[in-house]
């Protein structure tokens, strides 16, 4: 009888651990409209920023040539310290006037907890924007169209 109880408790423990490991996430369609700048394609990094203003996670990178990642200076510091495989989270860079549609996966536990999405941009031989655009991860913030300060004209998110 004791062994059955031990097996049941061990099974319940494993179930709880697996439940913790698979945090609930939601997918959001991210429509990014670039401003009409001239020059090369912009590299854009979408990062999850925690309540302390620190990088938490890379959600997407627009631009797949790794040699240009260092031009995204602040994100590259974070990425260099905690390199992760972002190959599934990369796509083409975007040029002036272009539109990009991507899907971002965000943990539901981050909503309304002080987190935000940061869109960091860099264009070869032009100005670098650490915070071209930030979206507060709040119910209202996600629903709003957010204007950029640099190469990004605006971003709109829609929950899928």
- Task: Check residue 78 against each of (1) loosely packed, with under 12 Cβ neighbours inside 10 Å; (2) without any contact (Cβ under 8 Å) to a residue 40 or more places away in the chain and name the one condition it does not meet.
- Result: (1)
- Note on the structure: Residues of region 66-89 being outside any helix (DSSP H, G or I) and either closer than 19 Å to residue 156 by Cα or at pLDDT 90 or above (or both), in sequence order, are 72
- Note on the structure: Within region 112-130, the residues that are within 26 Å of residue 160 (Cβ to Cβ) and either in contact (Cβ under 8 Å) with a residue 40 or more places away in the chain or out of contact with any helix residue (DSSP H, G or I) (no Cβ under 9 Å at 6 or more places or on another chain) (or both) are 113, 114, 115, 116, 117, 118, 119, 120, 121
- Task: List every residue pair whose Cβ atoms lie under 9 Å apart, where the two residues are 6 or more positions apart in sequence or sit on different chains, the first residue falls within region 26-52 and is without any contact (Cβ under 8 Å) to a residue 12 or more places away in the chain, and the second residue, located anywhere, is crowded, with 16+ Cβ neighbours inside 10 Å.
- Result: none
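Hey, any hits in region 7-15 for a residue that's within 22 Å of residue 154 (Cα to Cα), more than 13 Å from the chain's Cα centre (by Cα) and either at pLDDT below 95 or not in a helix (DSSP H, G or I) (or both)?
Checked region 7-15: no residue is within 22 Å of residue 154 (Cα to Cα), more than 13 Å from the chain's Cα centre (by Cα) and either at pLDDT below 95 or not in a helix (DSSP H, G or I) (or both).
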- Which of the following residues is within 10 Å of the chain's Cα centre (by Cα) and closer than 19 Å to residue 149 by Cβ: 94, 45? 45
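The values are calculated or read from the model by the stated rules, or taken from the named source; none is laboratory data. Remember, predicted model here, so these are calculated numbers, not experimental data. For neighbour counting, all protein chains shown are included, and Cβ atoms are generated from backbone atoms with ideal geometry for every residue, glycine included.
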